[in-house]
Structures are given as C-alpha cells and as structure tokens.
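Heads up: the structure comes next, in structure tokens.
The values are calculated or read from the model by the stated rules, or taken from the named source; none is laboratory data. Worth saying up front: this structure is predicted, and the values here are computed from it rather than measured. Here the Cβ positions follow ideal geometry from the backbone for every residue, glycine too, while neighbour counts run over all protein chains shown. These accessible areas exclude ligands, DNA and RNA; they are computed on the full protein's heavy atoms, side chains included. Shrake-Rupley method; radii C 1.70, N 1.55, O 1.52, S 1.80 Å.
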Amino acid sequence: MKQVTNEKLIKRNKTIGNVTTIAGLAILGAGLVLNFNPTPTKTLISFIALIIGFVVAQISTFFVSKFGRSPRFDEVISRNLSKLNNDYTFYVYNSPIPMLLVGPSGLWIPIPLTASGEIYYDNKWKQRGGSFLLKLFGQESIGKPTLDMQANEDKIHDLLAKHLEEENIPPITSVFVLINPKSTIGNVENAPSAIVTPDALRRHIRRVDRKVEEQIPQDLLENINNIVGEKTSK
C-alpha cells in the first residue's frame, strides 16, 4: 500500500493541542487564584476565566486526542492496512476528509470511533456502558456516526463530481473502526454500514473487494489519485 500523509498539518495541529492545553490550565488556574481573596470584580473575572478555560480545554481535548496521542488514530489504521498491495493508496489528512483509501474496486473511508462500552445498532447506533464522566466531556461518546459518515461520503463525492461524470465515480464505502480497546461490538446485524476492530479492517476490505465483479480501469484509478493529489497540493 502506498501512503500519502500530511505531516505538516499533523505537526501544526499537535502544536495547537499542546499550546491550548497549557493555556487552558493557566486560565483555569488564574480563575481559581482570584477566588482566594474574592471581591465582586474578582468573582466576575474568575467566572469568566473559568468559562473561557473550559472552552479552551475542550479545544485542547479535540486536538490532543486526534494529533497528540501515540499511536494516533490514523497510525492504528495505517498499521493494519499496510499489507495491502500497491494498487491501494491511503491518504491521511491529504483529502477533504481525515482518511481515504483509494483502491482498485472502490473508495473506502475509515471512520474511527472512540466510544467505550458495547456498540450496537437498533434503528440507530447506540452505546451501552462506558464511562459517564468521559462521555459527558465527549471523549468516549458514540456521537452521531451516521451523520459523520454521510458528511464524509458527500465531501468525496462532491470532489470527484467536479472532475468526473457521475457514471465514472466509483463506489464510496464507509467503515467504522472501533479504536477504543475497552469497547465491544454488539448486535449490528441490521446496521447500514460495517463496524470492525482495527485488526479486522484489512480483512474486511479484502473480502468486500473480492466480491466486486469489475475493477476500476487503471486510467480512471490514476485519474482519481491525481484528483485527490491535486486537492491535497492546494
């Protein structure tokens, strides 16, 4: 598998995460210190500082969880996909979406899920168990994966539609990847999209691709990679 990674963006966003972490802690600390000898003015400033500090901390959590941890989500997924042959190209933060796998039978969008507990499907994606506190701060919550999936697919379709006829746009398939080691997959029999653990991702893609009767013509595959690459370079 070939891989194209936007290291510059990753480094920048990691720095943002580190800076906002320090800034958030400093603002929260300042707010607490002002309460040691409270006055009406100090109390008001402290209250404002706590709100700002909380917002900055949430921004920090977003960037650190995606770019500051090791291994990152993309590294976990890339490690599993690495044994795919060179007909596949994996774009990491180099397309309109975080991760995109362009293959000979279609396009794949791996979507990491950090939710803990049991993940299952009952008319919509649901979560059973997990840490209430972490879910409260959005760190291990199921969120709205269906909306994320549709948004990502629409972005890739819209990009290709600017350059290709509709009949030449290959299948675009999303697959949820359950990153959290504390999570399990429950009943997903009627789920509209697949959900797998990282170590099962490559097998799932190979199994589905083998069932495709017609592969993407080589010239079209090269054109798609050029389109994504052109988008990347801007």
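See the values below:
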{"quantity": "Cleavage-rule hits (GluC sites (Glu not before Pro)) in the stretch 110-219: DSSP loop, at most 14 neighbouring Cβ within 10 angstrom", "calculated": "Glu165, Glu189, Glu213, Glu214"}
{"quantity": "Of every Cα-Cα pair in the stretch 24-152, the percent that sits beyond 25 Å", "calculated": "47"}
{"quantity": "The chain - mean residue ellipticity at 222 nm from DSSP helices (-39,500 (n - 2.57) per run, n ≥ 4, rounded to 500)", "calculated": "-15000 deg cm²/dmol"}
{"quantity": "Carbon and sulfur %, accessible surface of the chain computed with the full protein complex present, 1.4 Å", "calculated": "56"}
{"quantity": "Distance between modelled label sites at Asp154 and His204, nm, 7 Å Cα→Cβ extension", "calculated": "2.3"}
{"quantity": "Partner aspartates and glutamates for Lys8 [C-alpha distance under 17 Å; skip if fewer than 8 residues away on the same chain]", "calculated": "Asp74, Glu75, Glu230"}
{"quantity": "Charge dipole (debye, nearest 20) of the stretch 171-213; +1 at Cβ of Lys and Arg, -1 at Cβ of Asp and Glu", "calculated": "160"}
{"quantity": "Stokes-Einstein D for the stretch 61-112, Kirkwood Rh over Cα pairs, 20 °C, 1.002 mPa s (µm²/s)", "calculated": "183"}
{"quantity": "Candidates per trypsin sites (Lys or Arg not before Pro) in the stretch 180-233, loop by DSSP, up to 10 other Cβ within 10 Å", "calculated": "Lys211"}
{"quantity": "Partner lysines for Lys182 [C-alpha distance under 30 Å; skip if fewer than 8 residues away on the same chain]", "calculated": "Lys11, Lys14, Lys66, Lys83, Lys124, Lys126, Lys135, Lys144"}
{"quantity": "P(r) of the stretch 78-218 over all Cα-Cα pairs, binned every 10 Å from zero, in whole percent", "calculated": "11, 39, 35, 13, 2"}
{"quantity": "Debye log10 I(q)/I(0) at q = 0.22 Å⁻¹ for the stretch 19-92, Cα point scatterers", "calculated": "-0.89"}
